[in-house]
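Heads up, the thing below is written out as structure tokens.
The values are calculated or read from the model by the stated rules, or taken from the named source; none is laboratory data. Here the structure is a predicted model, which is why all the values come from computation and not from measurement. Cβ coordinates were reconstructed from backbone atoms using ideal geometry, including for glycine residues, and neighbour counts include every protein chain displayed.
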Amino acid sequence: PVRVVCANTLNLALSSLKGKKGIKQSFKIRHTATASGKVQQAREALGLANAYMDEFDKLAQQMIETEITKAKFDELLALAYPAPEKDAKGSFKKYNDKIDQLQAIYVGQYNNTITGTAWGAFNAMTERLDWYRSGRGDSNESILASASGFDPVTTAEKNRLLQLVLANA
């Protein structure tokens with residue numbers, strides 16, 4: 001899934017969904033012989049979006065209804081991010097900083113209405129990926145690409161975290 005952060009992200013997400021041409025966001029249909037085909041394209045695009053939103057809504061609701069205690073959140077963090085075995089190049093400090101940051105996001109002001117839920121746990125983890133981690137190659141472009149859902153490495157990590165939260169909540 002693509003985490004939409006602005007209109008540009010939405011445009012890119014929709015354009016990359018189905019083949020090289022993507023899914024159209026608007027349709028112009030002239031009253032010609034090909035009109036019925038264009039109407040069908042519009043129906044398919046809307047159907048895909050509606051089906052995705054229905055599934056997303058069910059999953060989000062399930063996660064919102066699943067309680068996560070502080071201790072359980074700490075367990076999820078330990079599963080998601082195992083502690084380093086040795087302190088090479090300050091890895092213990094980096095690890096502890098990451099865990100502290102995740103815990104702060106989880107109980108922070110932007111997550112406060114969903115703290116204590118599986119949805120809140122997952123959102124804290126993905127928010128850190130989107131906005132707080134350093135970009136690969138120290139590039140703002142790298143951070144923006146990962147937040148938009150178009151970075152395959154970050155998207156794979158978000159999917160891994162989602163499965164981890166679902167399996168262990």
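Applying the condition of being in a helix (DSSP H, G or I) and hydroxyl-bearing (S, T, Y) to the stretch 118-169 and asking which residue is modelled with the highest pLDDT yields T126. Among the residues of the stretch 91-117, just one is at pLDDT below 90 and of a type in the set (F, W, Y), namely Y110.
In the stretch 77-90, the condition of being in a helix (DSSP H, G or I), at pLDDT 95 or above and more than 18 Å from the chain's Cα centre (by Cα) is met by at least one residue. When the residues of the stretch 91-101 are filtered to those that are under 24 Å from the mean Cα position of the chain (by Cα) and of a type in the set (S, T, N, Q), the one that is farthest from E127 (Cα to Cα) is N96.
Could you say which residue among K98, K86 is out of contact with any Gly (no Cβ under 8 Å at 6 or more places or on another chain), farther than 16 Å from L164 by Cα and surrounded by fewer than 12 Cβ atoms within 10 Å (Cβ to Cβ)?
On the way: K98 fails: surrounded by fewer than 12 Cβ atoms within 10 Å (Cβ to Cβ).
Result: K86 is the single residue among K98, K86 that is out of contact with any Gly (no Cβ under 8 Å at 6 or more places or on another chain), farther than 16 Å from L164 by Cα and surrounded by fewer than 12 Cβ atoms within 10 Å (Cβ to Cβ).
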